[in-house]
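Here's the structure we're looking at; comments come further down.
The values are calculated or read from the model by the stated rules, or taken from the named source; none is laboratory data. Please read these numbers as outputs of a predicted model, since none were measured by experiment. As a convention, Cβ positions derive from the backbone with ideal geometry for all residues, glycine included, and neighbour counts pool all protein chains shown. We work out accessible area using only protein heavy atoms, side chains counted, and drop any ligands, DNA or RNA first. Shrake-Rupley method; radii C 1.70, N 1.55, O 1.52, S 1.80 Å.
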Amino acid sequence: EALVRVSARARDTAFDAPYRLTATLTQPVPDEEREPNDGPATATPWLPGAAAMKGRLAPRGDEDWFSFTATAAPAGAHYSGPLPASVKIIDDARKVLPPGTPLVAGKRYFVVVKAAGERASNPREPYSVTLGP
C-alpha cells in the first residue's frame, strides 16, 4: 500500500491541465532499514552475518530500530553518518545496556538510532551502524 499526494504551488496551479504520474517499484536493499521501524514490533531484522546495517534519519524526529539475536559477546553499537546521532542497545524491557555489557546468547535485542536533534533529518545520505565490542 502507498499514499501519493500531488500538489502544486499556488501560482502554478492549473486544475484543467493533465499530468502523468509514474511509479517504479524496486526491491528493498537487504542491509537497509525498512519503514516503519520505530519500535520493537516493527524493527528491521539485522541480517545474519552482516557487519553493518544502513538507514536514513528522515523525516524529522525519526527513530530507527533494528532487532538482532545475540551471541555471547559484549554489547556495543557504533554509528557513522552524516548527522550527529545517538545509538544504543536495549533489551525487550526497553532497558538500555551500557557498552561492554555481556549479552545473553539467543536473546533478542534492539539497536536504536536517533538523530541528536528533533529537527535533524537527512533523507539522501545513509548512515551505517555496526555491532561490536
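Evaluate the charge dipole of the chain about its Cα centre and quote only its size in Debye, nearest 20, assuming +1 on the Cβ of each Lys and Arg and -1 on the Cβ of each Asp and Glu.
Values: 16 positive and 15 negative charges, 41 e Å.
So the dipole magnitude of the chain works out to roughly 200 debye.
With a cap of 14 neighbouring Cβ atoms within 10 Å, and only residues DSSP puts in a loop, list the trypsin sites (Lys or Arg not before Pro) found in the stretch 24-133. Walk me through the intermediate numbers first.
Details: sites: ARG34, LYS54, ARG56, ARG60, LYS88, ARG94, LYS95, LYS107, ARG108, LYS114, ARG119, ARG124; in loops: ARG34, ARG60, ARG94, LYS95, LYS107, ARG119.
Those satisfying the criteria are ARG34, ARG60, ARG94, LYS95, LYS107, ARG119.
So what J values fall out for the stretch 72-82 if you push phi through Karplus, 6.51 cos²θ - 1.76 cosθ + 1.60 with θ = phi - 60°, rounded to Hz, Gly and Pro as x?
Taking θ as phi minus 60°, the curve returns 7, 10, x, 6, x, 10, 10, 10, 9, x, x Hz for the stretch 72-82.
Suppose every Lys and Arg Cβ carries +1 and every Asp and Glu Cβ carries -1, with no other charges. What dipole size does the stretch 60-133 come out with about its Cα centre, to the nearest 20 debye? Intermediate results must be reported in sequence, preceding the final value.
Values: 9 positive and 7 negative charges, 19 e Å.
Value, rounded to 20: 100 debye.
How large is the accessible surface per residue of the stretch 28-99, computed with a 1.4 Å probe and reported in Å² as a whole number?
Heavy-atom accessible area per residue stands at 54 Å².
Using amide H atoms built in the peptide plane, which far-off residues or other-chain residues are under 5 Å from THR101 H to H?
Here the answer is ALA75, since their amide H atoms fall under 5 Å of that of THR101.
Give me a comma-separated list of calculated 3J(HN,Hα) values for the stretch 124-133, in order, Karplus coefficients 6.51, -1.76, 1.60 applied at θ = phi - 60°, integers in Hz, x for any Gly or Pro.
Karplus-based 3J(HN,Hα) across the stretch 124-133 equals 8, 9, x, 9, 10, 10, 10, 10, x, x Hz.
Check which residues have an amide H placed less than 5 Å from GLU32's amide H, if you skip close sequence neighbours.
LYS54
Any idea what the relative contact order of the chain is, in percent, if you count C-alpha pairs under 8 Å spaced at least 6 apart?
Values: 263 pairs, mean separation 37.2, N = 133.
Contact order relative to length: 28 percent.
Determine the gain in length on full extension of the stretch ALA72-VAL104; use 0.36 nm per residue of separation and subtract their C-alpha separation, reporting nm with one decimal. Write down the numbers at each step before the final one.
Working: separation 32, 0.36 × 32 = 11.52 nm, distance 0.58 nm.
Here the answer is 10.9 nm.
Equivalent ellipsoid semi-axes for the chain, as square roots of 5 times the alpha carbon gyration tensor eigenvalues: give them largest first, rounded to whole Å. Spell out each step's value before the answer.
Working: eigenvalues 264, 50, 31 Å².
Gyration-tensor ellipsoid for the chain: 36, 16, 12 Å.
What are the residues whose amide H is under 5 Å from the amide H of ASN122, where those residues sit 5 or more places off or on another chain and H is modelled from the backbone?
Answer set, sorted by chain and number: LEU57, ALA58.
Which residues make up the longest stretch of the chain that has no GluC sites (Glu not before Pro) in a DSSP loop with at most 10 other Cβ atoms within 10 Å? Could the numbers behind the result be given before it?
Details: sites that count: GLU1, GLU118.
Answer - 2-117.
Net charge around LEU97, counting only other residues with Cβ within less than 9 Å of its Cβ (Lys, Arg = +1; Asp, Glu = -1)?
Details: positive: LYS88, LYS95; negative: ASP91.
Local net charge: +1.
For the pair ASP31/ARG60, report the inter-label distance in nm, with labels modelled 7 Å from Cα in the Cβ direction.
3.2
So, with a 1.4 angstrom probe, what is the percent of accessible area on the chain that is carbon and sulfur? Could you put the intermediate results ahead of the total?
Numbers: 5080 of 9200 Å².
Its accessible area is 55 percent carbon and sulfur atoms.
Starting at the first residue of the stretch 56-67, write each ³J(HN,Hα) from the Karplus equation 6.51 cos²θ - 1.76 cosθ + 1.60 with θ = phi - 60°, in whole Hz, x for Gly and Pro.
Here the 3J(HN,Hα) series is 10, 8, 7, x, 3, x, 4, 10, 9, 10, 10, 10 Hz.
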